[in-house]
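Okay, so here's the structure we're looking at.
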Amino acid sequence: NEINEVPFFDVQLPYELALKIFQYLGKTELGRCAQVSRTWKVLAEDEVLWYRLCQQEGYLLDTSISDQSCWKLALRNCRARERTLKTNWKNRIGAVSQLPYELGKILSDVHSWDGVVIAGYTSGEVRLWDTRTWDYTAPILEPVHGPGDAGPQPHVSFVRINSSLAVAAYEDGTISVWSLMFGREPIHRYQHNQRIQALALVSEGATVATASGFEVKVESPNDRGFWQTTGTFEIQKLVNFLNLVPDVTGSPVTVAAAEDIVYLLKAEDPESRISGKILHSVYGQPVTCLDVSAQEAAFGVKTFGWLLNEPNQILLYNLETSQCLKKMGNSIGDFTCVNLQNSPPNMLVTGNKDRRVRVFDLRQSESLCSLYAHQLGVSAVQMDDWKIVSGGEEGLVCVWDQRMGTKLWEMHARHPVRHLWFNSHSLITANIPDEKTPRGASIMDDDLTVHRKYRGTIYAYEFSVEQLAVESILPICRSSYDDVTGYNYNIGLAVPYDSI
């Protein structure tokens, strides 16, 4: 086809050269060019041009040009689907499901990655759900039983998950690591002497970091797949927050916040190994939240405004140079949560005890918008290019239109929102109770009468059009009588018939 010449006004150009000129045009210009002549129409609808446009807009990135017969139609379908998803998000059109809970036991921690949810309970059980397939028969990840483990399982303190691993930390200082490929038996287990204060799992790859007492330990497998300790760091204070820096080549890098000091921990750095390399430290100004991206760390600092005349702020540090890039915010309340890693480029979203959600542009110090969100303070927050989802201590989940600064809808549950995650078509929220041994519950370990209202809930919302069939029946209308005889807290209603 390159032999055919294309008329370009008063010259004739080879097809290949004409194609190179047309690759600088957008969708609208290509549509106009297609109306000039039959030759230009063939050129303007060339698959190479539309494949490139599709990739530029972020659609079907993992496909090759031979996977679609008409890339112009594929781009149109992708854009239409995106518009529908946006409308469904705004109008709350979709299916909502409550993920099943462990009978009589209370939710301890929840984490999710790309629609796969992991939950730990006070019974010591760890469960997984894959909400992408609406497969809600959750497998239970089994812990490793030692020779003296005859008694009840210790409570789960923290859980984390990524594309290949699931990790749980228990009250007795045990950490179990499971591979999502190899089933329910742990592939690695190690022990701390004291209670674990923080757990971190790298977003891509296989590195786990834990903090217990004054020690931070980093574990990862070597080239042959055998797990080993890649770094042990002694720290002067107890760690409150722990994050692994994503997309690091070579040995892992950990950021730890211990009261009023933020440490940057690298295994090959001798100074860091002995006492921890200090990234930030101001005496008497504790760190209240932490998040890291590949190049930067953002954390909230609590100051005593009436003494030093300096409000609570978010500090942004460059991890390579260890320099403070920006001080943002001017708030009376403490910053309780910050999300840097999942935010759009040059953006940052924070939640505060003063009930407000604030969005910052990292190129300026003032907040772009400030939303009055939650009565008891904000506990979790995430944003994308057009919306913000926030969760509060009072159990409210709110979805906001960022540009308009208006609330689109809200959803309430009993306990504080401790985890929320969303992508283009789904949202996962977890309301986790602060009280793990509620008043009135029996002291017996096998007791099943802890009332449903004490346990905490996990909700999965699906806004894509393909999923709005049978699954959109409300949880209260899906009944099963598989529970223990005489245990009737969870008998729901079923329409139109029961499945007895």
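The values are calculated or read from the model by the stated rules, or taken from the named source; none is laboratory data. All figures in this text were calculated on a predicted structure; none of them were measured in a lab. Counting neighbours? That spans all protein chains shown, and the Cβs are built from the backbone with ideal geometry, glycine included. In case anyone asks, the SASA skips ligands and DNA or RNA and just uses the protein heavy atoms, side chains included. Shrake-Rupley method; radii C 1.70, N 1.55, O 1.52, S 1.80 Å.
When the test is whether a residue is polar (S, T, N, Q) and either in contact with a strand residue (DSSP E or B) (Cβ under 8 Å, 6 or more places away or on another chain) or surrounded by fewer than 16 Cβ atoms within 10 Å (Cβ to Cβ) (or both), Gln68 does not pass it. The set of residues in the stretch 396-431 that are hydroxyl-bearing (Ser, Thr, Tyr) and open to solvent by less than 20 Å² (accessible area, probe 1.4 Å) comprises Ser426, Thr429. Here is a check on your reading of the model: is Ser163 closer than 28 Å to Leu340 by Cα, within 19 Å of the chain's Cα centre (by Cα) and in a loop (DSSP other than H, G, I, E, B)? Spelling it out, Ser163 is indeed closer than 28 Å to Leu340 by Cα, within 19 Å of the chain's Cα centre (by Cα) and in a loop (DSSP other than H, G, I, E, B). Whenever a residue of the stretch 314-343 is over 19 Å from Val253 (Cβ atoms) and open to solvent by 40 Å² or more (accessible area, probe 1.4 Å), its partners that are of a type in the set (Gly, Ala, Ser) and part of a strand (DSSP E or B), lying with C-beta atoms within less than 6 angstrom and at least six residues away or across chains, give the pairs Thr336/Gly351. Give the residue that is surrounded by the fewest Cβ atoms within 10 Å (Cβ to Cβ), with candidates limited to residues of the stretch 38-64 that are at pLDDT 90 or above and assigned to a loop (DSSP other than H, G, I, E, B). Per the stated criteria, the residue is Glu45.
For the subset of the stretch 350-395 comprising residues that are hydroxyl-bearing (Ser, Thr, Tyr) and assigned to a strand (DSSP E or B), which member is most open to solvent (accessible area, probe 1.4 Å)? Within the stretch 350-395, the match that is most open to solvent (accessible area, probe 1.4 Å) is Tyr372. Picking from Ala206, Ala169, which residue would you name as being at pLDDT 95 or above and of a type in the set (Gly, Ala, Ser)? Selected residue: Ala169, the only one of Ala206, Ala169 that is at pLDDT 95 or above and of a type in the set (Gly, Ala, Ser). Within the stretch 115-128, residues that are in contact (Cβ under 8 Å) with a residue 24 or more places away in the chain and open to solvent by 10 Å² or more (accessible area, probe 1.4 Å) sit with their Cβ atoms under 8 Å from residues that are in a strand (DSSP E or B) and among the polar types (S, T, N, Q), at 6+ positions apart or across chains, in these pairs: Thr122/Ser108. Go through the residues of the stretch 27-34 one by one and say whether even a single one is closer than 30 Å to Leu408 by Cα and modelled with pLDDT of 85 or more. For the stretch 27-34, residues closer than 30 Å to Leu408 by Cα and modelled with pLDDT of 85 or more: absent. Sub-6 Å Cβ pairs linking a first residue in the stretch 237-263 that is in contact (Cβ under 8 Å) with a residue 24 or more places away in the chain and within 15 Å of Thr207 (Cα to Cα) to a second residue that is charged (D, E, K, R) and surrounded by fewer than 24 Cβ atoms within 10 Å (Cβ to Cβ), at least 6 apart or interchain, are Val253/Lys266, ordered by first then second residue.
Looking across the stretch 327-345, the residues that are in a loop (DSSP other than H, G, I, E, B) and under 19 Å from Gly405 (Cα atoms) come down to Ser343, Pro344. So which pairs qualify, if the first residue must be in the stretch 163-177 and open to solvent by 10 Å² or more (accessible area, probe 1.4 Å), the second must be among the basic types (Lys, Arg), the Cβ gap must be under 9 Å, and the two must be at least 6 apart or on different chains? Listed by first residue and then by second, the contacts come to Glu171/Arg195; Asp172/Arg195.
Condition first: of a type in the set (A, V, I, L, M), free of Cβ contacts under 8 Å to residues at least 60 places away in the same chain and over 21 Å from Tyr170 (Cα atoms). Can you find one or more residues in the stretch 210-230 that meet it? The answer is no; no qualifying residue exists.
All of (1) polar (S, T, N, Q); (2) open to solvent by 20 Å² or more (accessible area, probe 1.4 Å); (3) at pLDDT below 90; (4) touching a strand residue (DSSP E or B) at 6+ places or on another chain (Cβ under 8 Å) hold for Asn309 with one exception: (4). Within this structure, Leu13 fails the test of being within 30 Å of Pro344 (Cβ to Cβ) and either more than 36 Å from the chain's Cα centre (by Cα) or in a helix (DSSP H, G or I) (or both).
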